[in-house]
Every structure is written in C-alpha cells, then in structure tokens.
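Rule-based calculations on the coordinates, nothing more; no lab input. Because the structure is a prediction, the values reported are computed rather than measured. Cβ atoms come from the backbone with ideal geometry, glycine included; neighbour counts cover every protein chain shown.
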Amino acid sequence: AQSVTQLGSHVSVSEGALVLLRCNYSSSVPPYLFWYVQYPNQGLQLLLKYTSAATLVKGINGFEAEFKKSETSFHLTKPSAHMSDAAEYFCAGALGANNLFFGTGTRLTVIP
Amino acid sequence: DTGVSQNPRHKITKRGQNVTFRCDPISEHNRLYWYRQTLGQGPEFLTYFQNEAQLEKSRLLSDRFSAERPKGSFSTLEIQRTEQGDSAMYLCASSYARLTNTGELFFGEGSRLTVL
C-alpha cells in the first residue's frame, strides 16, 4: 500500500539554523508529493508540491524540497529558520487524481 | 472570506448522540474531501465527492458515518450513535481536479468533536 513516512515527530532548531524535515514514500510508482504546514488552530496550508516537472521544488516562505527517486525521499529544507516557522509539518502523497495520504507529522520548534 | 468553511468548529456531545458537521467548499471547486485527524496523527482520508457523486469511501467510514453533497456544493458529515473513539478533528478540503493532474487541496480549519 502507498504511504509516506516522516522521520522524527519533533524537530528543534535554533533561529537562523538549517531546517531539515524528512519524508520517505513507499510506492511502486512515484506519487505526487506534497508538504503541508499546520499552524495552531488553523487549517493545513500547502507549502509546495512535486508533480514530476522538476525534482527541486520551491515553495512558500523560503522552503524547498528535493525529490530523489533513488532514495524514495522528499525532504523539506529551509536554509535559515525563523520563529514564525514553528508549526506542524505534514508530508503527503497522491497517486493520480485521487485523495492524499498523509504522514504522521513533524512538529518544528524554533529556539530563539 | 472565500476559503473552505466548516461548522461548528467545536462540538461536545454525549456518547450515543448523533452529530452533523457542515462544510462549505470554495465555490468553483468540484471535489470535496473529508478527513479525520486524531492527536499526534496525520489526517486520515474518509471520503470524497466529485460534484454530488461520492466516489470513494475509506474503510474507516463505518456504517455510523454518512456523508452527503446533495447539490454538489456544501457537504454534511453525520455520525450516528457517537462513541468515544469518534473524538477527533474532522477536516474538510476542496479542490478543482482535472483528469490528468492532482489539484492542490484547500483545507478548512476543522470541526473538533469531543464525545464524553
């Protein structure tokens, strides 16, 4: 069955440090891949998506992710963390035009 | 505000009662999804509609759950004879999906259900 796995339920970084949130997918066919962010008491918001057009995808708020088929990975990065980046981040996949399947989420804490 | 709207935002009920949640999607979107999110977990797919047709239902959607989208616009999710295990955040999302690509899902803020 298709799924995505997020390594690390909690990640803490210092303000200004690199953010790296890990996501691996399990699917015989590379799915469409997404990163969503959820701020407290808000709905999920799309950060970026991979749809096979380019392996390096740039999203909002300075985030980017690289699709690596050989590693079945789609890790999310940001060069310099900001306090406002503190949130829960979800990796998700989709096969074709169907529904999304989500990872369990990674809570990012940014330390001043 | 032209985003996805969900009501009520919070619902506390006693075990055995019925509850209904409503979702108003973005007006031009043809797809509407329901997800359930419990603490510490990612959203889990429940069901989705394309226009008024319910195209897929998860095994998570027991017989006590029913969803409708009668006119292809708003949708309701009803849970009958609620159980404590139904306590969760119920998320609605909408998208405009064409056959050859997957559209971005726009999520509402969710309806939190607490079953006592």
What is the residue count in the range B:9-55 for residues that are within 13 Å of chain A (Cβ to nearest Cβ), over 29 Å from A:ALA87 (Cα atoms) and assigned to a strand (DSSP E or B)? 4
The range A:67-112: strands (runs of 3 or more DSSP E) wholly inside it with 1 or more residues that are more than 28 Å from B:TYR96 (Cα to Cα) are A:73-78, A:106-111
Looking only at the range A:60-100, and only at residues there that are free of Cβ contacts under 8 Å to residues at least 12 places away in the same chain and either within 13 Å of the chain's Cα centre (by Cα) or within 22 Å of B:GLN37 (Cβ to Cβ) (or both), the one that is nearest to the other protein chains (Cβ to nearest Cβ): A:ASN99
Kindly evaluate B:ALA97 against the criterion of being aliphatic (A, V, I, L, M), within 11 Å of chain A (Cβ to nearest Cβ) and in a loop (DSSP other than H, G, I, E, B). yes
